[in-house]
Amino acid sequence: MELKNKKLTNDEFYTIRKEILNHWPTGAEVDFEEAVAYHKQIPDSRQFAKVLLKAKKDKVTLTQPRAGVALIEEHITLLNFLKTEGEADLLPTTIDSYTRQNQYAEAENGIKESKEAGRSLLNGFPAVNHGVKGVRQVVENVKAPLQVRHGTPDARLLTEIALAGGFTSYEGGGISYNIPYAKSVSLEKTITDWQYCDRVIGMYAEAGIEINREPYGPLTGTLVPPCVSHAVAIIEAILAAEQGVKSLTLGYGQCGNLIQDIAAIKSLEELAEEYLQANGYNDCTITTVFHQWMGGFPQDEAKAFAVISWGAAAAALSQATKVIVKTPHEALGIPTKEANAAGLRATKQLINMLSDQPFGMTREVAAEVEIIKAETRCILNRVKELGKGDFVVGTVAAFQTGVLDIPFAPSERTLNKMLPARDNNGAVRFFDVGNLPFNKDLLDFHNQKIQERGQAEGRTPSFQMVIDDIYAVSKGRLVGRPN
């Protein structure tokens, strides 16, 4: 199959599908026509796309945690606890690491051992092993919109089973679930595999079932400049739209500077609509998701709540459609359900307090919006140029040349030449732009911002500044100032 941004034909799709559904026994449970009928009886209040669209119109920011355990009943109990005690508006099912690597036999062993131990020995819910029937037990016993969150480079079987089971939202993408997650998996493979996933969702759309799709916004989650995550999110949105996806939620990971974070969400939605329409996708609904701080957290619980609350405030003031909530145990490992609920309640309190306090387009926010837009357009336009109009071809070439580059990623497919650092006000800028295709004005802007910080701190900007910024929040500051 030729690598390009083109909707899969029925022959291409069904040839691949036969192989995918035969990969593990539960694949035989997938019946597309029956699944469509099943989705049609799910009430609007539990359909992700409809709930997000209403929130966008009402200018409400919804809350959503991360959560998942190995066994069905325990997973249902966990999600219902987060809904009632955490007041979560939307609920996830985080998939376990074995499933993410397509190691279904190991996941099966994990289920067996979890039953014997009386507690989850997996770090998520093995949906492929539980199959359509098991997934539906969750869907039918949790009265909230449900999304699959994972981190799977090849998610084709997971997509089929999760959607046939009744999930109404699905996270990931061929770039965002490769570069930050895998070392040596090719972009050509993951983009192709995710074209299949998006085509499945496109087929549901054609049958009248709107499944929400969410590219993974934070990427590596460490000082990722807005233009970098924006470029990836918009490319994945274009690729999904080509396969027929209609409901898209594009994400951004909190950087910590309030002005930049608000500007990031505002610019992301505007740029996505601009590029989708410019490329012929005029019938997509765009919503946004703000991810609370993805970097290192303080171990002290009270200090962790401060980080969570700052993220909640930024999400509310930016009018993101939803916010992915962290827990006060973030630095300590997998949180208890009580800690997860506490992070949700703290976030909900901040959102409610700010609901009647609109944050206007100040001069500072407007200036930051224009900077982010200019940077993102430089990247996207160059990607399209490299692909001679095709964003799939252009994306592969862009990563090879560093036109697209994701900091601190494990993947061999990104140059890791670009380095971010904070400016004197804590906004994430470029210490080294690498091969990003910025014009002279943007290069001068970033150089000036880094030099200003160096002068304020009495030191010459160096890689140490980058390191200091990585650890700053966990040590109680935003900017990594020297002692």
Fill in the blank from the handout: Among (1) charged (D, E, K, R); (2) surrounded by 14 or more Cβ atoms within 10 Å (Cβ to Cβ); (3) under 23 Å from the mean Cα position of the chain (by Cα), GLU452 falls short only on (3)
Exercise for the section: Find the residue count for the range 165-181, including only residues that are farther than 17 Å from VAL245 by Cβ and crowded, with 24+ Cβ neighbours inside 10 Å. Expected result: 3
Fill in the blank from the handout: Expected output for the range 200-213 (first residue in the same structural domain as ARG156 (by TED's automatic domain parsing), partner in a helix (DSSP H, G or I) and of a type in the set (Asp, Glu), Cβ below 8 Å, 6+ apart or cross-chain) is VAL200/GLU160; ARG213/ASP198
Exercise for the section: Quick one: which residue in LYS115, LYS143 is more than 25 Å from VAL51 (Cα to Cα) and surrounded by fewer than 16 Cβ atoms within 10 Å (Cβ to Cβ)? Expected result: LYS115
Exercise for the section: Report, ordered by the first and then the second residue, all pairs with beta carbons closer than 7 Å, sequence separation of six or more or different chains, a first member in the range 432-448 that is in the same structural domain as GLN464 (by TED's automatic domain parsing), and a second member that is surrounded by 17 or more Cβ atoms within 10 Å (Cβ to Cβ) and acidic (Asp, Glu). Expected result: GLY434/ASP405; ASN435/ASP405; LEU436/ASP405; PHE438/GLU375; LEU442/GLU375
Fill in the blank from the handout: Only unsatisfied item for GLU85, checking (1) touching a residue at least 40 places away in the same chain (Cβ under 8 Å); (2) closer than 22 Å to LEU219 by Cα, is (2)
Exercise for the section: Identify all residues within the range 278-305 that are polar (S, T, N, Q) and in contact with a Leu (Cβ under 8 Å, 6 or more places away or on another chain); write none if there are none. Expected result: ASN282, THR285, THR287, THR288, GLN299
Problem - Yes/no for ALA409 being modelled with pLDDT of 95 or more and either out of contact with any helix residue (DSSP H, G or I) (no Cβ under 7 Å at 6 or more places or on another chain) or among the polar types (S, T, N, Q) (or both) - result: yes
Exercise for the section: Give the number of residues within the range 277-334 that are assigned to a loop (DSSP other than H, G, I, E, B) and of a type in the set (A, V, I, L, M, F, W, C). Expected result: 9
Completion exercise
Over the range 56-75, the set of residues under 15 Å from LEU91 (Cα atoms) and of a type in the set (Gly, Ala, Ser) is ALA67, GLY68
Practice task
Find all pairs meeting these conditions: Cβ atoms under 7 angstrom apart; at least six residues apart or on different chains; first residue within the range 234-248 and free of Cβ contacts under 8 Å to residues at least 40 places away in the same chain; second residue in a helix (DSSP H, G or I) and surrounded by 24 or more Cβ atoms within 10 Å (Cβ to Cβ).
Solution key: LEU248/ALA237; LEU248/ALA240
Handout entry: Inter-residue pairs, beta-carbon under 7 Å, first more than 21 Å from ILE20 (Cβ to Cβ) and in the range 95-119, second acidic (Asp, Glu) and modelled with pLDDT of 95 or more, 6+ apart
Key = GLY110/ASP96
Practice task
Taking ARG100 as the residue in question, decide whether it is touching a Phe, Trp or Tyr at 6+ places or on another chain (Cβ under 9 Å) and within 30 Å of CYS284 (Cβ to Cβ).
Solution key: yes
Exercise for the section: Being surrounded by 19 or more Cβ atoms within 10 Å (Cβ to Cβ) and more than 25 Å from MET294 (Cα to Cα) narrows it down to one of GLY389, GLY458, GLY394, so name that one. Expected result: GLY394
Fill in the blank from the handout: Expected output for the range 1-19 (first residue at pLDDT 95 or above, partner small (Gly, Ala, Ser) and in a helix (DSSP H, G or I), Cβ below 9 Å, 6+ apart or cross-chain) is ASN5/GLY394; LYS7/GLY202; LEU8/GLY202
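The values are calculated or read from the model by the stated rules, or taken from the named source; none is laboratory data. Computed from a prediction, not measured in an experiment: that's the story for all the values here. So basically every Cβ, Gly included, is an ideal-geometry build from the backbone, and we count neighbours across all protein chains shown.
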